[in-house]
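The values are calculated or read from the model by the stated rules, or taken from the named source; none is laboratory data. A quick note: this is a predicted structure, and the numbers were derived from the prediction, not measured. A quick note on method: Cβ atoms are made from the backbone with ideal geometry, for glycine too, and the neighbour counts reach across all protein chains shown. Just so you know, the surface numbers come from the protein's heavy atoms only, side chains and all, with ligands and any DNA or RNA stripped out. Shrake-Rupley method; radii C 1.70, N 1.55, O 1.52, S 1.80 Å.
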Amino acid sequence: MNGRNGVNIEQVNVLKEAMQKEPRIGRRTLSCITSWNGGAHSTTIVRNFAVPADEPAVLGGKNQGPSPTELMLTALSACIATGIAYSAAEDGIEVDSIEIDVAGDLDLRGFLNIGDLRPGLAEIRLTVRVDADASQELIEELVNHGYRRSPVAASLEGRVPVRVCIGREETRTVEARNAP
């Protein structure tokens, strides 16, 4: 690990200074591609990582990975943990551990088209434990700051529109397209 809490804060500060001078430097398009593997199983490639997703057997899956909703909860808690670690590093606070329990209430009837329930979680609850050489008040500030700086938390709070476009895979050969 380099830097406080494993965060290379010097490198982060160089980026922050550059973005303050030129905001476009901070804009990124994140992308991934998901391929369906049959049933409820899929694999998403993001950067150089393969992330499996599947449903448990009770939902017709083969339990070959976390469900997409579980991955969303994972993304939320991981993003908040990262935000806490970065905030602590910026404030010169050494953190020994961060643990986040996350739970979300899901009514499967929405997913299974039973009634007119909207699919999705009704509520997400986080219990955050931070072990650091800091007062309880400062730890609470770190947790709040970690949450506020989380792009995942902000996205889940409904501030990001989702646009779906339908693409079409061209399956005919060149000869078939040119045939009369």
- prompt: Condition test on Ser87, is it touching a His at 6+ places or on another chain (Cβ under 8 Å), part of a helix (DSSP H, G or I) and of a type in the set (Ser, Thr, Tyr)?
  reply: yes
- line: Within the range 28-50, residues being part of a loop (DSSP other than H, G, I, E, B) and β-branched (Val, Ile, Thr) number 1
message: For the condition open to solvent by 70 Å² or more (accessible area, probe 1.4 Å) and over 30 Å from Asn13 (Cβ atoms), what is the one hit in Thr44, Thr127, Thr69?
response: Thr127
- prompt: For the range 93-103, does any single residue satisfy the condition of being touching a residue at least 60 places away in the same chain (Cβ under 8 Å), surrounded by fewer than 17 Cβ atoms within 10 Å (Cβ to Cβ) and touching a Lys or Arg at 6+ places or on another chain (Cβ under 7 Å)?
  reply: yes
query: If you take the residues in the range 1-27 that are modelled with pLDDT under 90 and in a loop (DSSP other than H, G, I, E, B), which one is surrounded by the fewest Cβ atoms within 10 Å (Cβ to Cβ)?
result: Met1
- prompt: Inside the range 108-124, can you point out the residues that are part of a loop (DSSP other than H, G, I, E, B), open to solvent by 60 Å² or more (accessible area, probe 1.4 Å) and in contact with a strand residue (DSSP E or B) (Cβ under 9 Å, 6 or more places away or on another chain)?
  reply: Pro119
- prompt: If Asp96 satisfies every condition in (1) at pLDDT below 95; (2) among the acidic types (Asp, Glu); (3) closer than 27 Å to Asn8 by Cα but one, which is the exception?
  reply: (1)
- prompt: Among the residues of the range 29-77, which ones are of a type in the set (Ser, Thr, Tyr) and either modelled with pLDDT under 95 or out of contact with any Leu (no Cβ under 7 Å at 6 or more places or on another chain) (or both)?
  reply: Thr29, Ser31, Thr34, Ser35, Ser42, Thr43, Thr44, Ser67, Thr74
